[in-house]
Amino acid sequence: MAGIDYTERIPNNVGLAENRRLQRALEEWQPKFLGWWMDMGPHGYQATETYLRTAVSVDAQGWAQFGWVRMPEYRWGIFLAEPGPGRRIAFGDHKGAPAWQEVPGEYRGVLRRLVVTQGDTEPASVEQQRRLGRTSPSLYDLRNLFQVNVEEGRHLWAMVFLLDAYFGRDGREESEALLQRRSGDRDRPRILGAFNEPTPDWLSYFMFTFFTDRDGKYQLAALAESGFDPLSRTCRFMLTEEAHHMFVGETGIGRVVQRACQLMREHKTDDVRRHGGIDLPTLQRYLNFHYSVSLDLFGSEISTNAANFYTMGLKGRFEEMKKTDDHQLKSATYPVTTLDGETLVARDEPALPSLNERLRDDYIADCQRGVDRWNRIIKEHGIDASLRLPHRGFHRAIGLCADVRVSPDGRVLTQAEWDAKKHAWLPTAEDQAWVESLMRPVTEAGKFAGWIAPPPRGVNGQPLDFEYVRLA
Ligand SMILES: [Fe+2]
Ligand SMILES: [Fe+2]
């Protein structure tokens, strides 16, 4: 079961050869996907060989194989985690019933929407990142970017498999639409806000993989609990790939922090820009921006949709199985940050409609662990400074704080106060110009741009001066 059949035109571990109707639908979609990849995938590197890993089995140990691949020849395919024998629905009104192997008719529309919304983020991030190759700080980083890109492409395959296999004709139409929307396009934008923001430079990219990909991790984790078993198994395998994306973001920012600290020590100054680094206040402003737009992705604090998804058994909580309550939450409450006049206070709300906020809390705790690790780097350099997650109400466009201005330390501000201060809190045009000026490509194996420290080790046991990307 864990093996993937690479002799097939579409590699898979779902017995595609025995399902001719599905095979035909996916084989029709495949050239359209490749067309999209050529148009919207990494710009200028389609003929370049990259040292990439490909999934060869879906069990926890040793599922990856490394080799030289041109990205359009990457073996995208359909890989589901192994089924849990006798798996039952763990929460909601159907708790205890056998997990669904087919779409429950009454939830068809809702489930399709969940799959499409998740699926839409996958090609969106490839589109957002498509011009970063030209300014990569090293071949190591360039390789990691392409690895993330091909895996997001595979995540799109995973969602298209669900649409084509379980949702008939509307599923196939949605599969096409996933290739037609474009990140940032005025007429056909991607579904979620953060996926229409540009990723113009590598600092933004690392922030995106840390904060925005991590939203993906939490959404996938909640969908991995789904009573619809094919969705659960699809998401469980995607999560193993997502771990690498988190790694790229966390270590990427960690290395920028490390370089800033080295320059501060070496030159006995906070003004690391003079020495070609990215200063901690600029990092903080980028962090504030990417964190706040990623918080929006979890949706409104109080949401009937969230309650319905749970009650229907379609989308669970993070680590649902580890929770020791009744997994139905009909009479439970949950503390939600709300606006009480001019102050933000935590108030107990019914637990079911508060599930977005609960998932956001899990996410915030995870982000905080990363920030703590960056702060340890600063401390190890003997520097008295730290990075901080801003208050959850800061710079929000969705939810209870969307209509108020909130400072990073959680005070509700007047518009005039906000206008006077916002330049200290969010990246300015000048910050962006500075960061952009640093984005000069480094293409010699083993060399790194001056604004980022090298990583402690290479990929898959290879040395740092390995030629991770064979540039012509
Ligand atoms: Fe993804
Ligand atoms: Fe990702």
Please specify each residue of region 56-71 satisfying the condition of being surrounded by 16 or more Cβ atoms within 10 Å (Cβ to Cβ) and within 18 Å of residue 468 (Cα to Cα). 69, 71
Pull out all pairs, ordered by first then second residue, where Cβ-Cβ is under 9 Å, the residues are six or more apart or on different chains, the first lies in region 1-25 and is under 16 Å from residue 167 (Cα atoms), and the second is open to solvent by 20 Å² or more (accessible area, probe 1.4 Å) and not in a helix (DSSP H, G or I). 22/14; 23/8; 23/9
Among the candidates 104, 137, single out the residue that is under 24 Å from the mean Cα position of the chain (by Cα) and in contact (Cβ under 8 Å) with a residue 24 or more places away in the chain. 137
Take the residues in region 240-262 that are open to solvent by 30 Å² or more (accessible area, probe 1.4 Å) and at pLDDT 95 or above, then tell me which one is farthest from ligand 1 (Cβ to nearest atom). 262
Counting just the residues of region 317-331 that are among the hydrophobic types (A, V, I, L, M, F, W, C) and touching a helix residue (DSSP H, G or I) at 6+ places or on another chain (Cβ under 8 Å), which one comes out most open to solvent (accessible area, probe 1.4 Å)? 318
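For residue 231, are the conditions met, namely being open to solvent by 10 Å² or more (accessible area, probe 1.4 Å) and either outside any loop (DSSP other than H, G, I, E, B) or of a type in the set (A, V, I, L, M, F, W, C) (or both)?
no
Matching residues to (1) within 16 Å of ligand 1 (Cβ to nearest atom); (2) among the polar types (S, T, N, Q); (3) within 14 Å of residue 245 (Cβ to Cβ):
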| position | (1), (2), (3) |
| --- | --- |
| 112 | no, no, no |
| 115 | yes, no, no |
| 152 | yes, no, yes |
| 157 | yes, no, no |
| 161 | yes, no, no |
| 165 | no, no, no |
Going through region 297-316 in order, the residues found to be surrounded by fewer than 21 Cβ atoms within 10 Å (Cβ to Cβ) and in a helix (DSSP H, G or I) are 304, 305, 307, 308, 311
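A quick yes/no check of all residues on (1) of a type in the set (Asp, Glu); (2) buried (at least 16 other Cβ atoms within 10 Å of the Cβ); (3) touching a His at 6+ places or on another chain (Cβ under 9 Å):
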site	(1), (2), (3)
334	no, yes, no
338	no, yes, no
346	no, no, no
349	yes, yes, no
377	no, yes, no
384	yes, no, no
389	no, yes, no
410	no, no, yes
421	no, no, no
Unmet requirement for residue 198, which otherwise passes all of (1) outside any helix (DSSP H, G or I); (2) at pLDDT 95 or above: (2)
Open to solvent by 10 Å² or more (accessible area, probe 1.4 Å), part of a helix (DSSP H, G or I), among the aromatic types (Phe, Trp, Tyr) and in contact (Cβ under 8 Å) with a residue 60 or more places away in the chain - does that describe any residue in region 281-296? yes
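Can you tell me which residues in region 441-467 are of a type in the set (D, E, K, R) and out of contact with any helix residue (DSSP H, G or I) (no Cβ under 7 Å at 6 or more places or on another chain)?
We begin by selecting, within region 441-467, every residue of a type in the set (D, E, K, R); these are 444, 447, 457, 465, 467.
The answer is 444, 447, 457, 465.
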Scan region 171-230 for residues that are more than 28 Å from residue 314 (Cβ to Cβ), within 16 Å of ligand 2 (Cβ to nearest atom) and touching a Phe, Trp or Tyr at 6+ places or on another chain (Cβ under 6 Å) and report the count. 2
For region 175-186, state whether one or more residues are among the hydroxyl-bearing types (Ser, Thr, Tyr), part of a helix (DSSP H, G or I) and more than 23 Å from residue 288 (Cα to Cα). yes
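Of these, 190, 236, which one is within 16 Å of ligand 1 (Cβ to nearest atom), over 30 Å from residue 438 (Cα atoms) and among the basic types (Lys, Arg)? Please lay out each step first, then the result.
Numbers: 190 fails: over 30 Å from residue 438 (Cα atoms).
Sole residue among the options that is within 16 Å of ligand 1 (Cβ to nearest atom), over 30 Å from residue 438 (Cα atoms) and among the basic types (Lys, Arg): 236.
Applying the selection to region 382-429, what residues are of a type in the set (A, V, I, L, M) and within 26 Å of residue 279 (Cα to Cα)?
Filtering region 382-429 down to residues of a type in the set (A, V, I, L, M) leaves 383, 385, 387, 389, 397-398, 400, 402, 404, 406, 412-413, 416, 420, 424, 426, 429.
Matches in region 382-429: 383, 385, 387, 389, 406, 420, 424, 426, 429.
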Please work out which residue is nearest to residue 286 (Cα to Cα), limiting yourself to region 242-270 and to residues that are away from ligand 2 (no atom under 11 Å from the Cβ) and among the β-branched types (Val, Ile, Thr). 253
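The values are calculated or read from the model by the stated rules, or taken from the named source; none is laboratory data. This one's a predicted model, so the numbers in the text were calculated from it and none came from an experiment. Positions of Cβ are backbone-derived with ideal geometry, glycine not excepted, and every protein chain shown enters the neighbour counts. Quick note on the areas: whole protein, heavy atoms, side chains included, nothing else; ligands and nucleic acids left out. Shrake-Rupley method; radii C 1.70, N 1.55, O 1.52, S 1.80 Å.
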